[in-house]
Protein chains: 2
Amino acid sequence: METPACTDVCAEADAADLSFDVFARACPSRETLEHVTGRWGSLTVGALRDGPRRFNELRRRVDGVSEKMLSQTLHALERDGIVTREAQATNPPRVDYELTPLGREVADRLLALIHFVEGSMGVVLSSREAYDAARGGL
Amino acid sequence: METPACTDVCAEADAADLSFDVFARACPSRETLEHVTGRWGSLTVGALRDGPRRFNELRRRVDGVSEKMLSQTLHALERDGIVTREAQATNPPRVDYELTPLGREVADRLLALIHFVEGSMGVVLSSREAYDAARGGL
DNA sequence: CGGGATCCCATCGGATACTG
DNA sequence: CAGTATCCGATGGGATCCCG
């Protein structure tokens, strides 16, 4: 076993910085990773990188997300301390979402991945063609 | 509109390296991003970082994954050119999965994110407590 | 051992409607 | 505008069986 595992340790959250292991099924770090890398999580965090955004601004940027999913995603990220939510009780109401310092670190690493993937799509697409051709040709 | 969008361009894959945009609903780069960041994708790629692994080795490392999902995940990653699959027709059969050069680049960026998240769990956990306390206390 | 095929259910997630 | 609530279909994903 390479990783010290998270097992028992993770359960008791009073310990400061014991080892967390996303590869362990029950480790809370896996949940947070999923919030951040999930279908809408990664795009939402990425969309917030350039500064605060309002709800419908995010909806437009994260093309295809529904209100429900965006709301759900933002709540999970807020709970994990990745984004902050600032509401103003004006009329019409205005709510700004913004990355926390922690969130900005996450976003940087996420965008590094995103930009790399975008830049690799040439390779990916031709790989797919080769794969499909081999299957279809059999 | 900040991003040049992927829209029409992405459909025709003969173009070399036109702009791909994960924020666009129909862009193929979004699919690849999901394969890589998905629930099992990120862990599978991460687990392959240290070298080739066999199927059941991966199953043990990626704690909680089912045979079906691991198989499915590996196929998607193979099709995208992230991992290679090398089968030997011995008995018992032996199949090794390994990252491609592209896959290794992806894995590096993914692991940077994973390790950062693992290292931030202290902050995350206390943020969750504060969030839950505020809700429960109302 | 390394999977493919099938069954089946839980959750995801979209559409719609309603509130403030 | 910024959500919440409900309904409901699509999909994710686990369990099981089976084959090479």
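The values are calculated or read from the model by the stated rules, or taken from the named source; none is laboratory data. None of the values given here were measured: they were computed from a predicted structure. Using ideal geometry, Cβ is built from the backbone for each residue, glycine included, and neighbour counts are taken over all protein chains shown.
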So if I check each of A:Ala89, A:Ala47, which one is of a type in the set (Gly, Ala, Ser), in the same structural domain as A:Leu111 (by TED's automatic domain parsing) and more than 17 Å from B:Arg25 (Cα to Cα)? A:Ala89
Quick one: how many residues across the stretch B:98-111 are over 25 Å from A:Val36 (Cβ atoms) and either touching a His at 6+ places or on another chain (Cβ under 7 Å) or more than 10 Å from chain A (Cβ to nearest Cβ) (or both)? 1
Taking the stretch A:113-134 and keeping only residues that are at the interface with chain B (Cβ under 7 Å from one of its Cβ atoms), within 19 Å of A:Trp40 (Cβ to Cβ) and out of contact with any Ser or Thr (no Cβ under 6 Å at 6 or more places or on another chain), one is left with A:Leu113, A:Ile114
Which listed residue is in contact with a Gly (Cβ under 6 Å, 6 or more places away or on another chain) and not hydroxyl-bearing (Ser, Thr, Tyr), from B:Leu102, B:Leu113: B:Leu102
Name every residue in the stretch B:79-98 that is of a type outside the set (A, V, I, L, M, F, W, C) and surrounded by 19 or more Cβ atoms within 10 Å (Cβ to Cβ), in order of residue number. B:Arg79, B:Asp80, B:Gly81, B:Tyr97
The helices (runs of 4 or more DSSP H) lying entirely within the stretch B:24-138 that contain at least 1 residues which are under 29 Å from A:Val62 (Cα atoms) and more than 13 Å from DNA strand D (Cβ to nearest atom) are B:28-37, B:41-47, B:67-79, B:101-119, B:121-137
Members of the stretch A:81-128 that are aromatic (Phe, Trp, Tyr) and without any contact (Cβ under 8 Å) to a residue 24 or more places away in the chain: A:Phe116
When restricted to A:Leu33, A:Leu74, the only residue more than 7 Å from chain B (Cβ to nearest Cβ) and within 15 Å of DNA strand C (Cβ to nearest atom) is A:Leu74
Taking only pairs six or more apart or across chains, which ones have beta-carbon atoms under 7 Å, a first residue in the stretch A:54-80 that is without any contact (Cβ under 8 Å) to a residue 24 or more places away in the chain, and a second residue that is surrounded by fewer than 17 Cβ atoms within 10 Å (Cβ to Cβ) and part of a loop (DSSP other than H, G, I, E, B)? A:Asp63/B:Arg25; A:Gly64/B:Arg25
Please enumerate the residues belonging to the stretch A:42-69 that are of a type outside the set (D, E, K, R) and over 16 Å from B:Asp21 (Cα atoms). A:Gly51, A:Pro52, A:Phe55, A:Asn56, A:Ser66, A:Met69
Taking the stretch B:28-53 as the region of interest, how many residues are of a type in the set (Ser, Thr, Tyr), in contact (Cβ under 8 Å) with a residue 40 or more places away in the chain and more than 15 Å from A:Ser42 (Cα to Cα)? 0
Can you pull out every residue in the stretch A:112-132 that is surrounded by fewer than 16 Cβ atoms within 10 Å (Cβ to Cβ) and in contact with a helix residue (DSSP H, G or I) (Cβ under 7 Å, 6 or more places away or on another chain)? A:Ala112, A:Tyr131
